[in-house]
Amino acid sequence: MNVINPLNKGSGDTGFADLLKNGQTLKQYRDGIMKRTADTGYYNGLEKLALRDSDPIGYEKLFSKLRGGLVHARETAKKIAASPIVEQEGELCFTLYNAAGDCILTSTGIIIHVGTMGAAIKYMIENNWEGNPRINPGDMFTTNDCAIGNVHPCDIATIVPIFWEDRLIGWVGGVTHVIDTGSVTPGSMSTGQVQRFGDGYMITCRKTGVNDTPLRDWLHESQRSVRTPKYWILDERTRIAGCHMIRELVEDVIRHDGIEAYEKFGFEVIEEGRRGLLSRIKAMTLPGIYRKVAFVDVPYTHPDVQVSSAFAKLDSIMHSPCEITIKKDGSWRLDFEGASRWGWHTFNAHHVAFTSGIWVMMSQTLVPTQRINDGAFFATQFHLPKGTWCNPDDRRTGHAYAWHFLVSGWAALWRGLSQAYFSRGYLEEVNAGNANTSNWLQGGGINQDGEIHAVNSFEASSCGTGACAVKDGLNHAAAIWNPEGDMGDIEIWEMAEPLLYLGRNVKANSGGYGKYRGGCGFETLRMVWNSHDWTMFFMGNGFMNSDWGMMGGYPSATGYRFEAHKTGLKERIASGGDIPMGGDIDPTHPTYERYIDATAIVKRDKQCITTEDCYENHDLYLNYLRGGPGFGDPLDREIEAIENDMNQVFLLPEFARKVYGAVFTEDKGVFKVDAAKTKARRAEIRKERLARAVPTREWMKEERERIINKHASVQVQHMFATSFGLSEKFTNEFKKFWSLPDDWQLLETELGVPSYGSVHRMDLSTLPDVTTVVQCEE
Amino acid sequence: MSYTNEQVSHLIEGTLDWETVFRMLSMPKDHTRFEQYRDALQTKVTFKDRIVLPLSPHMYIVQTVNAKKWVVKCDCGHEFCDYRENWKLHAVIYVRDTEEAMTEVYPKLMAPDVSWQVYREYYCPTCGVMHDVEAPTPWYPVIHDFEPDIETFYKDWIGLPVPERA
């Protein structure tokens, strides 16, 4: 007979579990830490780091053992995965937390999840998971819920509590980027849905294992909820294996060093991380205010964007203004006041995705250290206004490709920091920005093995990087979201995808021009082969650039799409005829079309977001990965560098002439730039610039008239209207700058496009029995 | 960790050997860099005003020789404005807001659509050097990028005397 526990609350809680053996609930314990942090300014009130100061070598040994073990677990566990996203690209990481869910240390990899898994642990703490469903040794919890902090649903996390002598002492989390989440359309970062309800299988900190064994109902349900169960199973085993390796590591460390030292370390290393950020900011930057802004396009009116909801059919622009204030004490405030509202697409981001995510970026610039933990978070003030794309106030928002704008939103931070590095003389640290890490080739159907399949090409792991103040950016080298990214081997991708490579080339002119140019991206031409019922779509920027250049450098090139159907390639291959090969070198004068049937259906335009479209075998798809932005006036570029770029087909001669002022000769495809004539031509170009320019204040009068008359595209006006709707401060500053009349206003309702969500919204926190965890100033 | 004045000068010119650049990237920062950098730049400019803070490859906040005012100045000698103002409002501007203007600088399809985004090029009114390219939507206010707290930087962060300011 079942017995009802008299301690049960209305929500089904089963009472106090005393997991910490100190008489406190996890929530009381965490509240205490937060209070001591707020009261003293030191994490958990740790003005002194007793362990570190009394035994610095022992402290460092603890650090090395734990950090080494985390990296080792990642490197070992990823070999279990079959998905090239995990095994080739390294899209995984493992993180160790203290009992309050604050990160102690993390492995290499997609370290954005320092905070996202911590947010899930905090959600369990705040919502009394210890009472129901209870937290026991050997349990496993799985989460990917974007409404409580995850970046996008394809990042699946397994979280395992760590106990010592029946007392909860911490947690370990492992995350992998799975290849498919069972969303409306295949691929891990799909575009067809416009709300959470189409974003795929969503799991909220669910207990999915006991006694170190996954529960059968979970295995059955989860595997049939996605298109790629084979990859799903092995990804989960990767996460579990890594978490269990790390749990054993912690137990070994405690056996050797003692529980007291381990727990002290678990707090002190976070405080040390907080102090580390302050000292890095002081060592590398300048105090002051930096203002930057970034945008990205959401072009949804095009017929190739087929969504199920009429209210999502509008073109819009995501807006990310950033004011960075670096204070006297080395702390900083990142203020995104004026950001645009969340939208009916999959590019929204939970505030933790933003606040946690910037550390994946910072570890590549300001804090290039192995001591990545929550300490840096405690040294940073985030202002992410509620209702914006980076802190939605509606529980319906879609997040499948939050990165579409996260990478762009952070561009402002790169440029701000780089201004500081430049002014201070640390020129080697300057980075003009990053590529918009796209295109994302995604799709699915029946693959070459006759199985239901989904693909997400992670070639975007290797876009061009931004230019430095002393050298060019790197070609096809990196992605901001994974410091260990790699483009992957062609042979592996051809095993994972029914798409043959007809070319893989550096993309000419894709890097932003400048004294030092941005790194070029690359392009791969893919031919569908041996598939059935196959679909694909595009995901990236096209009408806009998300990163700017710096200090006279140009932004990188924008994206475009090329796809071709009914190509006649089957017959051409059979007869030994010419077929398209290599790069789409100069899209002004395209050549692919010469080698396919004249009756082929070709789409060559700037519509870089599409939804699932039908592809037959021998259809073509160009995967163009973007370049990075440039630094400095292009007229300062060295002659030899221009020559090299032309000779390696990184730069088309026409633009060497127009942008760089190069005067050159060509002999059998080899270019030689004439230094003296180029110098003279550059002097002329400077005069031509002055001849066509006007004083900025004169131009402002004309622009003001355009604003008064509301002369701008709907998408531009819509962006401003949503920012105005959320921020009186941004509105007032805009009106003041342009000297607009007091009664001037711009409302969404006057634009003639759907404005669902502009007035009526409902936040997750309004659901019964839900306590959300807020980790920023809203 | 420290570097010679010659090495810092080569860094500015972009001619420093990669091994040293790599050491600069991977080792803790050298605390005297700003002073060496400012002094190296001072020898490269032709004006007599004292550099207070470099802003970009051709632009500085300087202390004027006689009046001791802090102003934003191009290395050609053109004076933009007080250091607290937005120099872009005192520059000349060319806006690429047509497809034709965009395809002057990028191949077809590889530049933004001007109904979404424009490029604003800011030049020095005297020498025509391009100091910045903004890439905002139409209507976007001219951005005041940087308001450095120079006094705190000199006095509290790097321990240098703050240059006199009238």
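General observations
- If the condition is being at the interface with chain A (Cβ under 7 Å from one of its Cβ atoms) and either surrounded by 20 or more Cβ atoms within 10 Å (Cβ to Cβ) or not in a strand (DSSP E or B) (or both), then the range B:141-160 contributes B:141, B:142, B:143, B:144, B:145, B:146, B:148, B:149, B:152, B:153, B:156, B:157.
- Scanning the range A:502-520 for residues that are basic (Lys, Arg) and either open to solvent by 30 Å² or more (accessible area, probe 1.4 Å) or touching a Pro at 6+ places or on another chain (Cβ under 6 Å) (or both) turns up A:504, A:515.
- Single residue of the range A:33-76 satisfying the filter (outside any helix (DSSP H, G or I) and closer than 20 Å to residue A:378 by Cα) that is least open to solvent (accessible area, probe 1.4 Å): A:49
- Where a residue in the range A:238-265 is within 19 Å of residue A:44 (Cβ to Cβ) and its partner, wherever it lies, is open to solvent by 40 Å² or more (accessible area, probe 1.4 Å), with Cβ under 7 Å and at least six apart: A:259/A:164; A:264/A:50
- When the range B:15-38 is filtered for residues that are of a type outside the set (D, E, K, R) and either crowded, with 19+ Cβ neighbours inside 10 Å or touching a Leu at 6+ places or on another chain (Cβ under 7 Å) (or both), the ones remaining, listed by number, are B:16, B:21, B:24, B:34, B:36, B:37.
- In the range B:10-39, the residues that are touching a residue at least 40 places away in the same chain (Cβ under 8 Å) reach residues that are surrounded by 15 or more Cβ atoms within 10 Å (Cβ to Cβ) with C-beta atoms within less than 6 angstrom, at least six apart or across chains, in these pairs: B:34/A:424; B:34/A:425; B:34/B:158.
- Qualifying residues in the range A:471-511 (those that are basic (Lys, Arg) and assigned to a loop (DSSP other than H, G, I, E, B)) - the one nearest to residue A:231 (Cα to Cα): A:507
- Condition check for residue A:345: crowded, with 24+ Cβ neighbours inside 10 Å and either in contact with a helix residue (DSSP H, G or I) (Cβ under 9 Å, 6 or more places away or on another chain) or not aromatic (Phe, Trp, Tyr) (or both): yes
- Members of the range A:677-702 found to be more than 17 Å from residue A:656 (Cα to Cα), of a type in the set (Gly, Ala, Ser) and more than 8 Å from every other protein chain (Cβ to nearest Cβ), listed by number: A:691
- Within the range B:83-116, being open to solvent by less than 30 Å² (accessible area, probe 1.4 Å), of a type in the set (Gly, Ala, Ser) and at the interface with chain A (Cβ under 7 Å from one of its Cβ atoms) holds for B:91, B:111.
- Of all residues in the range A:382-413, those being in a helix (DSSP H, G or I) and open to solvent by less than 10 Å² (accessible area, probe 1.4 Å) number 9.
- Test: residue in the range B:50-60 that is touching a residue at least 12 places away in the same chain (Cβ under 8 Å), touching a helix residue (DSSP H, G or I) at 6+ places or on another chain (Cβ under 8 Å), open to solvent by 30 Å² or more (accessible area, probe 1.4 Å) and away from chain A (no Cβ under 11 Å): yes
- Leading residue by the ranking (farthest from residue A:445 (Cα to Cα)) among those in the range A:481-501 that are touching a Gly at 6+ places or on another chain (Cβ under 9 Å) and open to solvent by 60 Å² or more (accessible area, probe 1.4 Å): A:484
- Scanning the range A:512-546 for residues that are touching an Asp or Glu at 6+ places or on another chain (Cβ under 7 Å), of a type in the set (D, E, K, R) and under 30 Å from residue A:228 (Cα atoms) yields a count of 1.
- The listed residue being open to solvent by 30 Å² or more (accessible area, probe 1.4 Å), within 14 Å of chain B (Cβ to nearest Cβ) and not in a helix (DSSP H, G or I), out of A:317, A:289: A:289
The values are calculated or read from the model by the stated rules, or taken from the named source; none is laboratory data. Since the model is a prediction, treat every value here as computed from it, not as a measurement. As a convention, Cβ positions derive from the backbone with ideal geometry for all residues, glycine included, and neighbour counts pool all protein chains shown. These area figures cover heavy atoms from the full protein model, side chains too; ligands, DNA and RNA do not enter into them. Shrake-Rupley method; radii C 1.70, N 1.55, O 1.52, S 1.80 Å.
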